[in-house]
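One structure is given below, encoded as structure tokens.
What follows draws every value from the coordinates through simple rules; no lab data is involved. Just so it is clear, the model here is predicted, and its values are computed rather than measured. Don't worry about glycine lacking a Cβ; one is built from the backbone with ideal geometry, like all the others, and counts go over all protein chains shown.
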């Protein structure tokens, strides 16, 4: 309860005092502010900034949302001067807007607390510094109170949300790391995932403008998104590599991850595959195969660094040294130079911390974004997970990918979660950690 006393109670008072203050912000001025922040984010990630990326307006957003057969909405977050500005947009325009005064550190800590509350049961599966003492995480006795407070801040228009089948979330700061699937906007036992799928956007600019510039092979002559099924000709499946022994990190063995990729190899949507586990899953071999594969699946350990996310955030592969086995975010995004404009439909990051990184006003810098730069259209990212249970959820996910449908692959993940929590385990700790970074087909 220390966390609640130190952090949540003062925050509740702040929230009650300033929630629903309206400054009459115009959506155009908010978009201009966001474009400036996004440009700064691109520079910090080492990405080129092109003029077309700053030309998003409300009309282009409406045009995007109007392309979908199901009803798709967008919740758009901008943070500036201690104020979180939240805009809910539909194909018909701005639906609702809410401004909340909240310190950046308070918002970040509340998001972290909600996320950690659902992953604390798996702390023994996390990497740890060699020689460090294991400290028991602080017990949060009322997870529902923290989650409810965060939900009220991030989704303050519950009735308006009911109109949508899918929600595109354009995050600010570390909002993209929140387990949105587990939030309950309607003061009932109904989770957000019960009613709709959602996606975490790389940026507003890319979601809107790249959808107009590139064809994903699922648009009709009218421009509407159609049903789609996934199929892969050369999948790369990596699970439970032989982790380096001389690292400053200690990496627990993940036998469930090895089973996970072995089971997925049997799915009919995967025509051919290369399966790498234990000593075979070397960094050199993985990098070579990535360029020639159309599905990348990693079930291993991941590390996110909030200070130097490009050089110190990495996936762990087999090798005798850190340099030889740590596949960094910087190395991942540099793969784009070898891809020759080839796009990867889907990347699975079944590894802890792959949704984390360094927080910026316009979003996160980390592993998920690195894969997007490398050429991936959608990245299934995760927080701290149970390797034994993940195989069950991922198999359900691929079952629904094979069935196909609208809003893929996000609706496939939603259906997998609903079946898993209905038939296997209802606890959000086992399914809320997964979300997709990218764009719904």
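For residue 55 and residue 263, calculate 0.36 nm times their separation in residues minus their Cα-Cα distance, and state this gained length in nm to one decimal.
So the extension gain works out to 70.4 nm.
What is the spin-label model distance, in nm, from residue 308 to residue 189 if the labels are put 7 Å beyond Cα along the C-beta direction?
5.0
Within the P(r) computed for the stretch 275-349, what percentage of the Cα pairs occupies the region above 15 Å?
When all Cα pairs of the stretch 275-349 are counted, 56 percent exceed 15 Å.
With the cut-off at 1.5 for a/c, could you classify the stretch 235-438 from its C-alpha gyration tensor as rounded, prolate or oblate?
The shape class here is rounded.
Be a star and scan the stretch 371-408 for residues whose amide nitrogen sits under 15 Å from the point 7 Å along the Cα-to-Cβ vector of residue 231.
So the set is 401-405.
Calculate the spin-label point distance for residue 69 paired with residue 112, positioning each point 7 Å from the Cα along the beta-carbon direction, and give it in nanometres.
Taking the simple label geometry, residue 112 and residue 69 are separated by 4.4 nm.
Sorted from fewest to most neighbouring beta carbons within 10 Å, what does the list 347, 207, 95 look like?
95, 207, 347
Between residue 160 and residue 81, what FRET efficiency follows from the Cβ-Cβ distance if R0 is 22 Å, with the result rounded to 0.05?
Once rounded, the FRET efficiency stands at 0.30.
Sorting 296, 232, 431 on the 10 Å Cβ count, fewest up front, what's the list?
Ascending number of Cβ neighbours within 10 Å: 232, 296, 431.
Take every Cα pair under 8 Å in the stretch 235-438 that's 6+ residues apart, average their separations, divide by the length, and report that relative contact order as a whole percent.
21
What length, rounded to one decimal in nm, is gained on full extension from residue 342 through to residue 32, with 0.36 nm per residue of separation minus their alpha-carbon distance?
108.5 nm
Just grab the label-to-label distance for residue 145 and residue 274, each label 7 Å out from Cα along the Cβ direction, in nm (one decimal).
Between residue 145 and residue 274, the simple spin-label model gives 5.3 nm.
Whole Å is fine, so just give me how far the alpha carbon centre of the stretch 83-115 lies from that of the stretch 368-441.
Each part reduced to its Cα centre gives a spacing of 24 Å.
Give the percent of DSSP beta bridges with both residues in the stretch 235-438 that are antiparallel, rounded to the nearest 5.
Rounded to the nearest five, the antiparallel share is 40 percent.
Using Cβ counts within 10 Å as a stand-in for footprinting exposure, how do 285, 115, 369 rank, fewest first?
So the residues, fewest neighbours to most, are 285, 115, 369.
By how many nm would the segment from residue 291 to residue 96 lengthen if fully extended, with 0.36 nm per residue of separation less the alpha-carbon distance?
Stretched fully, the residue 291-residue 96 segment lengthens by 65.8 nm.
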